[in-house]
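Everything below concerns the one structure shown next.
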Amino acid sequence: MIIKLILVAALAGAAVTLVRGRRTALSLLVRRALTLGVLAAGVVAVLFPATVTEVARAVGVGRGTDLVLYLLVVTFLFVSISLYLRLGEMHDRYVELARRVALHEADPDAHETNRRLTPRR
């Protein structure tokens, strides 16, 4: 069945995304292209609902509803991984910011020098 290959490939892609972890310009481009593709497929599915069932049968799924469910589960997995990675990046940024603030406040002379050098508005 083709659907098994598609789902295994999608899960492997999710695993690679989770392991690599970094967001690059290429990953942003791919994510946006996939989003536009999903939106276009959604428009086609709304305008021609029988097409979803035909595609489902072509890939080895009995009903179009089941195919949509499979695709939603895979999409949810990618969104969850993306949010997990983004939260990890934000955590790292907050830790770095807290360290900088702590070091800045630990040296009162540096704080006064910085205050004098910073122009007032």
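Miscellaneous remarks
- Residue in region 28-46 that is surrounded by 10 or more Cβ atoms within 10 Å (Cβ to Cβ), assigned to a helix (DSSP H, G or I), without any contact (Cβ under 8 Å) to a residue 60 or more places away in the chain and touching a Phe, Trp or Tyr at 6+ places or on another chain (Cβ under 9 Å) present: yes
- Yes/no for Glu89 being acidic (Asp, Glu), more than 18 Å from the chain's Cα centre (by Cα) and part of a helix (DSSP H, G or I): no
- Failed condition for Val61, given (1) surrounded by 10 or more Cβ atoms within 10 Å (Cβ to Cβ); (2) free of Cβ contacts under 8 Å to residues at least 40 places away in the same chain; (3) not polar (S, T, N, Q): (2)
- Out of Leu103, Leu72, one residue alone is surrounded by 10 or more Cβ atoms within 10 Å (Cβ to Cβ), modelled with pLDDT under 95, of a type in the set (A, V, I, L, M, F, W, C) and within 28 Å of the chain's Cα centre (by Cα). It is Leu72.
- Restricting attention to region 14-27, the residues that are assigned to a helix (DSSP H, G or I), of a type in the set (Gly, Ala, Ser) and touching a residue at least 24 places away in the same chain (Cβ under 8 Å) total 1.
- Candidates Val55, Val68, Val79, filtered to the one that is over 21 Å from Ala14 (Cβ atoms), hydrophobic (A, V, I, L, M, F, W, C) and part of a helix (DSSP H, G or I): Val55
- Taking (1) surrounded by 12 or more Cβ atoms within 10 Å (Cβ to Cβ); (2) touching a Gly at 6+ places or on another chain (Cβ under 9 Å) in turn, Ile2 satisfies each apart from (1).
- Residues (within 17 Å of Leu72 (Cβ to Cβ) and touching a helix residue (DSSP H, G or I) at 6+ places or on another chain (Cβ under 7 Å)) located in region 1-37: Ile3, Ile6, Leu7, Ala10, Ala14
The values are calculated or read from the model by the stated rules, or taken from the named source; none is laboratory data. Since we're looking at a predicted model, the values are computed, not measured. For neighbour counting, all protein chains shown are included, and Cβ atoms are generated from backbone atoms with ideal geometry for every residue, glycine included.
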